[in-house]
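Please treat every number below as a calculation from the coordinates, not as lab data. The structure displayed is predicted, hence computed values, not measured ones. Reconstructed Cβ throughout: ideal geometry from the backbone, glycine too, with neighbour counts over all protein chains shown.
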Amino acid sequence: MSNLATRLRAVLTEQSMLDHPFYRAWTQGTLEVERLREYAKQYYHFEAAFPRLLSAIHTRTESPAIRQALLDNLWDEEHGERNHPALWLEFAAALGLSAEEVVNSTPNAETQALLDHYRAAAAEAPVAEALVTLFAYEGQVPEIAWQKIKGLSDHYGFKPDQFEFWSVHLVADIAHSGHEMAAIEEACSDEDGTVRAAQAACTKLLGFLDGCYATAGVR
C-alpha cells in the first residue's frame, strides 16, 4: 500500500462514521424507528445528488482511465428502474414512509452543508481532492453496510428485500472505492492537500449524522 493510501485509510479510521453515536445506536438496536425515518429522509438528498457528483468530476477529468472508473460508478448508481435512489425509496417504504414524504422532505442544515461541500468539491476542487471526497464516503460504505444489515436483521425485523440498498452497496463500493484509490493516486500532485480534503469530507459526513441525531430529538 502506498504512503498516500495508508494516510487516507488512517483518516477514514480516525473519523469513522461507525463510531458516531447514531450508527452505534442503530447497530445495537436502540435507535427508535422514528429516528431511522428522519435519517431516511435526510440521506435521500445525498443519494439523489451522488450521480451528478460523479458526472461533474467526469466532465473535467483528462485521464481516460479515471473517466472510465467514474462512468462505471455512475452506471451502477443510476441505470435502470432499480437504480440506487429507487432502492433507497424501497428502504424508506419498509420504514413506513411514502416516496412523496421522502422526496419532498427538506434538508436540514447539516445535510445541506454536506451537499454544498460535495457539490463544490466535485465541480471545483483539484481532481484528486474531488475523488478523495467521494472516497471518504464510499471507502467506508462496505463496512457500514454490513453493520447496518446486521442491525436491521437482528433488531428491527427487516428482511433481505427490505434492505437491498445496503446489500448492493456492500459489494459495489468495494470495487468503487478501490478504483477511486487508484484514480486518486494517479491524479494526486499534492499529497497533504489530498489528505486534508479527505478529512474535510469526513467531517461533513459526521456533521450530517449529528444533524440526523439532533433532528430526531436527541441532544
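For region 1-63, the set of GluC sites (Glu not before Pro) satisfying both a DSSP loop assignment and a count of at most 12 other C-beta atoms within 10 Å is given as GLU32, GLU62.
Restricting the GluC sites (Glu not before Pro) of region 75-125 to loop positions (DSSP other than H, G, I, E, B) with no more than 15 neighbouring Cβ atoms within 10 Å leaves GLU81.
Considering only the other residues whose Cβ falls under 12 Å of the Cβ of ILE66, what net charge follows from Lys and Arg at +1 and Asp and Glu at -1?
-3
Each of SER98, SER167 was scored by other Cβ atoms within 10 Å of its Cβ. Arranged with the fewest first, they read SER98, SER167. Using a ≥ b ≥ c from the Cα gyration tensor of region 110-219 (square roots of the eigenvalues), is it rounded, prolate or oblate, where a/c under 1.5 gives rounded and otherwise the larger of a/b and b/c decides, a/b for prolate? Verdict is oblate for region 110-219. Residues HIS58, HIS179, HIS79, arranged from fewest to most other Cβ atoms within 10 angstrom of their Cβ, appear as HIS79, HIS58, HIS179. Among CYS188, CYS212, sorting on how many other beta-carbon atoms sit within 10 Å of each Cβ, with the fewest leading, yields CYS188, CYS212. Entry note, the chain: the mean residue ellipticity at 222 nm calculated from DSSP H runs of n ≥ 4, each adding -39500 (n - 2.57), is -25500 deg cm²/dmol after division by the residues and rounding to the nearest 500.
Remark on ASN108: its backbone amide H falls under 5 Å from none of the residues 5 or more positions apart or on other chains, H modelled at 1.01 Å from N.
Can you tell me which lysines have their Cα less than 27 Å from the Cα of LYS159? Leave out same-chain residues fewer than eight positions away. Partners found: LYS41, LYS148, LYS150.
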